[in-house]
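Contents: one structure, followed by commentary.
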Amino acid sequence: MDASSKELDTGLKGLFNPRSVAVIGASSTPGKWGFEYARQLLGGASNRDVYLVNQRGEMIHGQQSYPSVSALPVGAELAVICVPAMHVQRAVDEALDAGTRYFVCVTAGFKESGEEGCRLENEMCDRIRAAGARLVGPNCVGLYDAAAGLSCTAFWDLPPGDIGIISQSGGVIVDLGTRLPREGLGISRAVSVGNQADLTVAEFIESFALDPSTRVITAYIEEFREGRRLFEAVEYARSLGKEVILVAPRASDAVGRSVASHTGSMTSNEDVLVSTCADLDVVRVRGLGDLLLAIRGLSAPAQARGRRVAVLADGGGSATLGTDAVVAEGLEVPQFSETLVSKLKEIAPDSGVGNPVDLVGALDLAVFEPVIRQIAASGEIDAILLNGAFNNVAGAPAESEQAVADKIRTVCSDAGIALTVASMMTEEPAMVALANKRVPVFDFPAEAARALELSRNRVPNRSLTFNDVASLFAGSTDYLSSREALGSAGISFSKALYAGNADEAAKAAQQIGYPVVLKALGSLHKSDSGAVVLGILDEQTLRNKVEILSANLRPKGFSVEEMISEKDGIELLIGGVRDPAFGSTVVVAAGGTKTEIWRDRAVALAPVRKDAALRLLKSLRIAPLFGGFRGSSKIDLEKVAEAIAAMSRFMAEHKNVLEAEINPLIVGAERCVAVDARIVTRDA
C-alpha cells in the first residue's frame, strides 16, 4: 500500500491539524479539565478557530462560550469532550449532527469501570464509526502536534522536536517531555490513546510515519491488542524510513485461558513478543531508561550498519570493560586484519592495536584521532566505542580540544560509522563538544554499548505473513483423528490402529508388526496417567496390558502403534498456540515427558517457512545435540524443519484451533516421526 492510499485509510490529518476545535465542557474553574484544555487550545488560536461550549455560557479565558454545540456558528472539525460520562453520548450526537469528524474523549468511566461502562463505550464508538468519524480515547489525555501548533492537552508543556510519542499512559508523555530537552531533543507529535475504543496504537504509528516532522516513533504499550496489526504498522513505518521503538513492560506469563497442552502451558504473550521483535528486528525496550538510550543513539550523526564494534581505550582496564559491555549486548569486537594492525602499529607502536585498542599513555583525545581515522577508513567495523578519561591534563585550550572532537565526529559520520563515548570526564570541553553534536556521551561503557545496539540498523529475518483465507477446522479432535489431521497437513506419523478390546488389539499388532506401543484413549496426558505401554513384544503381553489398562483407566478404546526406536534419536515437541493478541503461533521445544521442566522452547508467529523453522531449531539450548555429540549421529534438520513449517501452516489455516501439539516428535539421522498428537478447538 502506498503512502497516499495509507493516508486516505487512516484519515488522521484533520485530527492533528484541524481547521476548528470545540471544547465541550469548557470550564471557568482553574484545575478542571475543561479549563485546562480551553487554555491550551486557545494558545494556538492563531492556527484555527477555537470554540468553547459551556452550558451557562460563561466567559472563559477572556472568550465568550456557547451554551450548546448547536449554538456554534459552524460545526467544529474536532470536538474535545470533557463532560461527565452520563452526558457524553448527547455531546457526541450533537457534534456529529453539526458535522464533527474527529473526537477526543477525555472523560473516564467507560470500559475501564466495568460492564456498564463497556456498554456505553461501545455505543459511543458505534455511533461515531457509523457517521464516518474517528475517536481518540475515551479516558485519554489528548494529543499534540508541534508543526500544527496544536496543544489539545490539559497539562502537557512539550518541547518541539522530531520524536513522535504514542502512549497508553499520559504520564509517560509528560516524563519524556521533561527528559528529552536535556538531550537537546523534542517532540513532533504525541497522543494518549486511552481505551483505544476506535483509533489504535497501530493506526497512530501509520499516521506518524506519514508525518514529515517525525523521524523516530516511540510507542508505549501496556496491553497488546491485534499484535500482528501492530507489527504490520511498524513494518510500514520502517518502509518509509522511520525508526520505531516499542516500549513494552514484560507481558503476561499466561495466554489468558486454560490450556490443555504442554505447548500452551509453556507459551506466554512475552514469548511471542520477544520472538516477533527478534524475527522482525524491532527495537523493544522495557523502560524509559533504555528508551532514552535508543533515542540518543538514533539521533546521533550515524548509526551502526551492523554489529562490528571497535573498542578504543586509554588503558587496559578501560579496554576490557568496554569490550565486555559490547559483547554483553550481542555485538562483536572482531580482530582487525593484518593490514589494519600494521597501519595502526605505525601510529602507536607501543600499544595493543588488535581490537580492543589500548593506547598506552593516551592522556589526550588528540592521540586517538589518527587511529580512528585509519579504523574508519578500513571498512572492517560498523561502530566505535571510546572508553576512557579523556581529560585535559596538558592544559590545551578548550578550542583545541573541541576542534579535535569535531574532527573525530566528522571522520566517523563521513564514513557512516556510529560513535559512542564513555568517560568519567563528561564535562570536559571535548566531551561537551561531541554531545552538542548529538554524539552520545555517557558515564559508563555499558550505556554506550547499549545505545549502539538499540540504534543499529535493523535487518529483519522475515516479513509478516498473513492468511486472509483461514477456515474453520471441522474435523474431530479425538486422538486418532488429530493424528490423521496433522498427518494430512504434511507431518509423518508412526503407524497406528484403533482397537476396542484385546482381540482387536492383537489383530492390529499383527498387522503393524511387533514391537508395538499400547495407548489407552481418553486421558489428556497419557504418559502421566500411566496410559502408555512401550515396547510390547508379543500377543500375550499385549492382552495382559489391555486388561490392566481397562481395569485401571476405563478408557474409550486403545491405539496400537508402531514402536519407533531411532539410534541416537532426540525427542522434540512441535506445536502451536493461538495467542489472544498475536493469533496463530508455532512452537518448537525439547520434547518428551519432561518438556515443561526443560522449558527449552522457541516461538514464532505462524506460518513460517522452512528457513525460519531452521532458525527456531538452532536457537534451542539442546541444538548442539543435533550435529552429533561424542560420536552420536547427526539428526536430519531438514525433515524437522519441514514438520515445523507444516504445523505452522495448520495453525494459520484454521482460525478455531486454539492448540495443536506433537510430543514427542522422534528424530534421528534418517527419520522424523510423530508418535503423539493433540488438537484443541474453540468449540471443543
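Each value in this text was obtained by applying a stated rule to the coordinates, not by laboratory testing. Note that the coordinates shown come from a computational prediction; the quantities given were computed from them, not determined experimentally. Cβ coordinates were reconstructed from backbone atoms using ideal geometry, including for glycine residues, and neighbour counts include every protein chain displayed.
Note on region 303-453: the C-alpha convex hull projects to 7.5 nm² when averaged across all orientations.
Between amide H atoms placed 1.01 Å from N, distances below 5 Å from A131 occur with no residue 5 or more places distant or on a separate chain. The slack in the chain from N47 to R458, taken as 0.36 nm per residue of separation less the alpha-carbon distance, amounts to 144.1 nm. For E223 and E670, FRET efficiency with R0 = 60 Å and r from the beta-carbon atoms, rounded to 0.05? Efficiency, rounded to the nearest 0.05: 0.80.
Modelled this way, with points 7 Å down the Cα-to-C-beta line, the labels at S550 and E115 are 5.0 nm from one another.
Note on T178 and K507: the model spin-label points, each 7 Å out from Cα along the C-beta direction, lie 8.0 nm apart. Distance distribution P(r), region 74-198, all Cα-Cα pairs, bin width 10 angstrom from 0: 14, 42, 30, 13, 2 percent. The spread of Cα positions in the chain, taken along each principal axis and listed from longest to shortest, comes to 97, 82, 38 Å. Measuring nothing but alpha carbons in region 570-681 and taking Rh as the Kirkwood radius, the Rg to Rh ratio lands at 0.96. Fully extending the segment from K594 to T426 would add 55.2 nm, taking 0.36 nm per residue of separation and subtracting the current Cα-Cα distance.
Taking the three principal axes of the alpha carbon atoms in region 545-593, the coordinate ranges are 46, 33, 16 Å, sorted in descending order.
Note that region 496-562 shows a convex hull volume over its alpha carbon atoms of 66 Å³ per residue.
Quick one: pull the percentage of alpha-carbon pairs in region 400-463 with a separation above 20 Å. The proportion of pairs with Cα distances above 20 Å equals 31 percent. Counting only DSSP beta bridges whose two residues both lie in the chain, roughly 45 percent are antiparallel. Extension gain, E539-E270: 0.36 nm per intervening residue step, less the Cα-Cα distance, totals 91.9 nm.
Using the Cβ of F444 as centre and a radius below 12 Å, the other residues enclosed give a net charge of -2, where K and R count +1 and D and E count -1. Computed from the C-beta positions of T320 and E346, the FRET efficiency with R₀ = 25 Å rounds to 0.50. Using only Cα atoms and rounding to the nearest 10 degrees, what angle (0 to 90) does helix 368-378 make with the longest principal axis of the chain? It works out to around 50 degrees. Only helical runs count toward this figure. For the chain, summing -39,500 (n - 2.57) over DSSP H runs of n ≥ 4 and dividing by all residues gives -11000 deg cm²/dmol at 222 nm. Here the Karplus curve 6.51 cos²θ - 1.76 cosθ + 1.60, taken at θ = phi - 60°, turns the phi angles of region 220-235 into couplings of 8, 10, 9, 9, 8, 10, 6, x, 5, 4, 4, 6, 4, 5, 4, 4 Hz, with x standing for Gly and Pro. Once each part is reduced to its C-alpha centroid, what is the distance from region 331-380 to region 651-683 in angstrom? So the two Cα centres are separated by 54 Å. Once both labels are positioned 7 Å from their Cα atoms along Cα-to-Cβ, the gap between A398 and D683 label points is 7.7 nm. Placing a label point 7 Å from the Cα of D406 along the Cα-to-Cβ direction, the residues of region 274-308 whose backbone N falls under 20 Å from that point are 300-302. With neighbour counts taken as other beta-carbon atoms within 10 Å, the residues E659, E566, E596, E36 rank, fewest first, as E596, E566, E36, E659. Size check on region 48-129: the Cα extents along the three principal axes, sorted descending, read 40, 22, 19 Å. In terms of surrounding Cβ atoms within a 10 Å radius of their Cβ, I417, I622 rank from fewest to most as I622, I417.
Taking only the C-alpha atoms of region 639-684, the Rg (one decimal) and the largest Cα-Cα distance, Dmax (whole number), read 11.9, 39 Å. By the Cα gyration tensor, region 466-595 has an equivalent ellipsoid whose semi-axes, rounded to whole angstrom, run 30, 17, 15 from largest to smallest.
Near V50, the amide H atoms lying under 5 Å from its own belong to V21; only residues 5 or more places off or on other chains count, and H is placed 1.01 Å from N.
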